[in-house]
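Down below is the structure, laid out as structure tokens.
Just so it is clear, none of the values below were taken in a lab; they were calculated from the coordinates. Keep in mind that what you see is a predicted model, and the values were worked out from it rather than measured. Because the Cβ atoms are built from the backbone with ideal geometry, glycine has one as well, and the counts that use them run over all protein chains shown.
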Amino acid sequence: MTAGISVIGLTKTYGDHTVLDDLHLTFEAGKIHGLLGANGTGKTTLMSLMSRHTFPTRGSVLLDDREFGEDPRQAQRLCFIRENQLYNDAFKVRDVLRIAPTFYPTWDAATTTRLVDRFRLPPATVVKKLSRGQRSALAIVLALGSRADFTFLDEPYLGLDPGARETFYEELIRSYGAQPRTIIMSTHLVDEAAPLLEEVVVLNQGRVALQAPLDEAESLGLTINGSAVALDGWLRDHTSHQELTRRTLGPTATVTTLGPLTEAARQAAETARLRVSPTSLQGLVAALGNSNHEAA
Amino acid sequence: MTHVLRSMRLYLANRYFVLGVPFFIFAVVVVLSVAILAIIGTMQGFPLSEEVRESTRNNFGVLFSAPGFLVSVGVYAATRNFALALALGVTRRNFWAGTALGFVLTSAVTATTAVVGLGLEYLTNHWFIGVHVFDVHMFGNGDVTLLFVGLFVTAMACLAGGALFGTLFRAYGTVRTVMWGAAIGVAALALLALAATNEARVLAWQDAWGEWLSVSVVAAVAAAFLAGSYAAVRRATV
């Protein structure tokens, strides 16, 4: 089994509602993984289960092939500051920044100091008084400062202005470059974050819709437009392309498909006067979210 | 042990909140007690009569002023600090142990503050006006050991009680926490009823143990709350 995080048959239900349904995944160690999907598809729940913030209904999670339970040495390899992280109401920013380094032998003080400065975090302010963007900035400081072996970033850019987001991306690359580790980041700004990612996992309705290296994922989405009749014919002849979404306007149709475009398929589309263009990763994630596709 | 101490440091991250506030609470109790007696003195004339001064030995201020704050500290520790501890890679067991150590510190500081207050009360001849704040009947009229241990176990019971309900909330959600609360309340009432039906035996214990009987009961409650929170924290989630 590959080292990293292995998710084995993970299911999480709340009453009658199944959030995650028999997930089997591997997050290889030493890579930046994008955890993508629409709201409510189970991204945060999956990260909570992987970091043992909550417990699965069924299944298990292995860190480097080991269950970690209550092992403190395994637990301190994790850092997961949630998007809506709770802090003690009495804590000021400086309290949190003073205490957090004691939890990680790997703490990166230089990065922390630089990030606090770049995000202009006010040390004397009570955390609950911070703006949405400042709370995100604090979460980023803690997550990158920890240099934890397994770092989870839950929509880390919420409330950050474009400049601050740029700072985050820059510092993430810098920190990861200095010490490669496993980073799992959920995001809705897919195309903006894509250059950082090495692997992507797309969840849809609690199941894995796609897991692939970034370059492969980016090549899998196609938008095909033309005569609906010709399009249907092309899709019948090229079953490796699964139709995800379709828009029809009179006799013409536009479909988003999932599947690798071979030269033969491209030529067949050209012959059928179909226009084929790549779909952005963001478009592909949206299309997967609107389909019933499930990864094989 | 290192992992446990990290959780204790998290509890102590804002030292003023968990160690300093009891001092201010007791200071306010002293100020209010003096103010009330000053008002009585203004109406009846100074110096205050022996009867008025002695009546303040029934002052419950020290006992009843801090529990609300201490319960809230316990609740915050078990909910907010718990969430941050897990985020920073702490196990549930170590979080509980570190936080319980923190509770011991807060309780010790609370009790020590009261003992220092008792010393100041004697030095100032009962706050210059004859009011009793720490030198009161319920704490043995100046019994330093009883004052320290009594306030220590009271503080522990409040902190652990807050932590118990905070942890139950994290483990079982609102509805089942209310049900647990009701069950604990019913159990407490059952114990009281049991005590009432064995009044003679309880009075015999009271005679033999004096105020230490109450202290022992509160200590047992604190221990039960701690054990309950330990059992619940293993199921607690964020």
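Could you please state, rounded to a whole Å, how far the C-alpha centre of the range B:40-64 is from the C-alpha centre of the range B:181-238?
Computed from Cα coordinates, the inter-centre distance equals 33 Å.
Straight distance only, please: which lysines reach the Cα of A:LYS31 with their own Cα at less than 19 Å, same-chain residues fewer than 8 apart left out?
Partners within reach: A:LYS43.
Tell me what chain B gives for mean residue ellipticity at 222 nm when only DSSP H runs of n ≥ 4 count, each as -39,500 (n - 2.57), the sum divided by the residue total, rounded to 500 deg cm²/dmol. Mind dumping the intermediate values first?
Details: 10 runs with 181 residues, N = 238.
Mean residue ellipticity, 222 nm, calculated: -26000 deg cm²/dmol.
At 20 °C and a viscosity of 1.002 mPa s, what translational diffusion coefficient does Stokes-Einstein give for the protein assembly as shown, taking Rh as the Kirkwood radius over Cα pairs? Give it in µm²/s as a whole number. Don't skip to the end; give the middle numbers.
Values: Rh = 27.1 Å.
Diffusion coefficient, whole number: 79 µm²/s.
Could you pull the Rg and Dmax for the range B:102-179, using just the Cα atoms, both in Å?
For the range B:102-179, the Cα-based Rg and Dmax read 17.0, 52 Å.
Taking amide H atoms as placed 1.01 Å from N in the peptide plane, list the residues 5 or more away in sequence, or in a different chain, whose amide H sits under 5 Å from that of A:THR125.
HN-HN under 5 Å from A:THR125: A:VAL93, A:ARG94.
If I take every Cα pair under 8 Å that is 6 or more residues apart in the range A:91-211, average their sequence separation and divide by the length, what percent do I get for the relative contact order? Mind dumping the intermediate values first?
Working: 137 pairs, mean separation 27.5, N = 121.
Once divided by the residue count of the range A:91-211, the mean separation gives 23 percent.
For chain A, just run the numbers: alpha carbon Rg, then divide by 2.2 N^0.38 Å, N being how many residues it has. Don't skip to the end; give the middle numbers.
On the way: Rg = 21.3 Å, N = 296, 2.2 N^0.38 = 19.1 Å.
Output field value: 1.11.
Tell me which lysines have Cα within less than 26 Å of A:LYS129's Cα, excluding those fewer than 8 residues away on the same chain?
Of all the lysines, those that pass the test against A:LYS129 - Cα under 26 Å, at least 8 places apart if same chain - are A:LYS92.
For a quick check, take a GNM of chain B with Cα springs below 10 Å and name the residue from B:ARG15, B:ARG201, B:ARG80 with the largest mean-square fluctuation.
Top of the fluctuation ranking is B:ARG201.
When the helix-only estimate is applied to chain A (DSSP H runs of n ≥ 4, each -39,500 (n - 2.57), divided by the residue count), what is the mean residue ellipticity at 222 nm, nearest 500 deg cm²/dmol? Let's see the in-between values first.
Working: 11 runs with 100 residues, N = 296.
Rounded to the nearest 500, the figure is -9500 deg cm²/dmol.
Hey, how much of the P(r) for the range B:2-233 falls beyond 23 Å, as a percent of Cα pairs?
Working: 14773 of 26796 pairs.
More than 23 Å apart: 55 percent of the Cα pairs in the range B:2-233.
What whole number of Å gives the distance from the Cα centroid of the range A:196-247 to the Cα centroid of the range B:91-111?
About 54 Å separates the Cα centre of the range B:91-111 from the one of the range A:196-247.
No solvent, one uniform scatterer per C-alpha: report log10 I(q)/I(0) for the range A:15-105 via the Debye equation at q = 0.22, 0.23 1/Å, two decimals.
Each listed q maps to, in turn, -1.33, -1.39.
Based on the mean of other beta carbon atoms within 10 Å per residue, what is the order of B:42-48, A:219-225, A:137-143, A:268-274, most packed first?
A:137-143, A:219-225, A:268-274, B:42-48
Which whole number gives the average, over all residues in A:64-73, of C-beta atoms from other chains lying within 10 Å of the residue C-beta? Could the numbers behind the result be given before it?
Numbers: counts 0, 0, 0, 0, 1, 3, 5, 1, 9, 3.
That average works out to 2.
For the range A:217-289, what log10 I(q)/I(0) values come out of the Debye formula at q = 0.19, 0.22, 0.23, 0.26 1/Å, with one point per alpha carbon and no solvent?
Debye intensities relative to I(0), on a log10 scale: -0.67, -0.91, -0.99, -1.25.
Compare the peptides B:101-108, A:61-68 by average per-residue count of other Cβ atoms within 10 angstrom and give them in order, highest first. Display every interim value, and only then the final one.
Numbers: B:101-108: 20.1, A:61-68: 15.6.
Highest to lowest by the protection proxy: B:101-108, A:61-68.
At 1.002 mPa s and 20 °C, plugging the Kirkwood radius over alpha-carbon pairs of the range A:165-296 into Stokes-Einstein gives what diffusion coefficient in µm²/s? Walk me through the numbers on the way to the answer.
On the way: Rh = 16.1 Å.
D, rounded to a whole number, is 133 µm²/s.
Taking beta carbons within 10 Å but only from partner chains, what does the mean come to for residues B:88-100?
Working: counts 16, 17, 5, 10, 4, 4, 4, 1, 0, 0, 0, 0, 0.
Mean shielding count: 5.
Per the Cauchy relation, a quarter of the hull surface: what is the mean projected area of the convex hull of the alpha carbons in the range B:30-102, in nm²?
On the way: hull surface 26.9 nm².
With the hull built on Cα positions only, its mean projection is 6.7 nm².
What aspartates and glutamates could a cross-link reach from A:LYS12, if we take a straight Cα to Cα line under 12 Å and drop same-chain neighbours fewer than 8 places away?
The qualifying aspartates and glutamates are A:ASP21, A:ASP22.
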